[in-house]
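The values are calculated or read from the model by the stated rules, or taken from the named source; none is laboratory data. It should be emphasised that the depicted structure is a prediction, and the values quoted were computed from it without experimental measurement. Surface areas here come from the heavy atoms of the whole protein model, side chains and all, with no ligands, DNA or RNA. Shrake-Rupley method; radii C 1.70, N 1.55, O 1.52, S 1.80 Å.
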Amino acid sequence: QVQLVESGGGLVQPGGSLRLSCTKSVNIPSPYTIAWYRLPPGGKQRELVASITSQSTRTYADSVKGRFLIWRDSAEGTVKLQMNNLKPEDTAIYYCNCAIRGGGNYWGQGTQVTVSS
């Protein structure tokens, strides 16, 4: 069983930055993908923000390209999401997801990000 814990959310002004971390409870067997999703206020479906595979292939939503960066911190065993130049429309609950090929799909509890002046 994989447990994921998100941290790093908070309140930030437009144009500011936040760094989210996703900590996993166990080593995950390859191949896998770890992704950040978000659920905006009033939204009904989580949307993909960014993902990274066990082969380090990264993908980003068009709305965050050039502003967000995802990477693995192997020393800490975390996956981080650096969010720069934040906009009010980035306000959402951000979730970490781990998808193991043939092995399962896991979600964290989410962390709130609010972008407001």
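Largest first, what is the accessible-area ranking of Trp107, Trp36 with a 1.4 Å probe?
Trp107, Trp36
What ³J(HN,Hα) values, in whole Hz, does the Karplus curve 6.51 cos²θ - 1.76 cosθ + 1.60 give for region 32-40 when θ = phi - 60°, with x put for Gly and Pro?
8, 10, 10, 9, 10, 10, 9, 10, x
From largest accessible area down, sort Lys65, Lys44, Lys87; use a 1.4 Å probe on the protein chains.
Lys44, Lys65, Lys87
Counting only residues 5 or more places away or on other chains, whose amide H sits under 5 Å from the amide H of Gly16 once H atoms are built in the peptide plane?
Leu86
Accessible area per residue, 1.4 Å probe, Å², for region 3-117: what's the number?
Per-residue value: 53 Å².
Leaving out ligands, DNA and RNA, and with a 1.4 Å probe, what % of the accessible surface on the chain is carbon or sulfur?
After summing per-atom areas, the C and S share lands at 46 percent.
Each residue of region 95-101 in turn: what ³J(HN,Hα) in whole Hz from Karplus with 6.51, -1.76, 1.60 and θ = phi - 60°, glycine and Pro shown as x?
Result, ordered by residue: 10, 9, 10, 10, 10, 9, 4 Hz.
Mind checking Rg over Rh on the chain, alpha carbons, Kirkwood formula for Rh?
Using only Cα positions, Rg/Rh for the chain is 0.95.
Using the structure shown, select from Lys24/Lys80; Lys44/Lys80; Lys44/Lys87 the pairs with a Cα to Cα distance greater than 23 angstrom.
Lys44/Lys80
When the Karplus curve 6.51 cos²θ - 1.76 cosθ + 1.60 is applied with θ = phi - 60°, which whole-Hz ³J(HN,Hα) does each residue of region 13-25 get, with x for Gly and Pro?
Whole-Hz 3J(HN,Hα) from phi for region 13-25: 7, x, x, x, 10, 9, 10, 9, 10, 10, 9, 9, 7.
Once the whole set of protein chains is in place, how much accessible area is left on Leu69, using a 1.4 Å probe, in Å² to the nearest 10?
Probe radius 1.4 Å; accessible area of Leu69 about 90 Å².
Counting pairs of alpha carbon atoms under 8 Å apart in space and at least six apart in sequence, what relative contact order in percent does the chain give?
This gives 37 percent for the chain.
Taking a 1.4 Å probe, which of Ser74, Ser25 shows the most accessible area, and what order do the others take after it?
My answer, sorted largest first, is Ser74, Ser25.
What figure, in Å² to the nearest 10, do you get for the accessible area of Val64 with a 1.4 Å probe and non-protein molecules left out?
Spelled out: Val64, probe radius 1.4 Å, area about 0 Å².
Pairs of Cα atoms under 8 Å, at least six residues apart: use those to get the relative contact order of region 14-72, whole percent.
After rounding, I find 23 percent.
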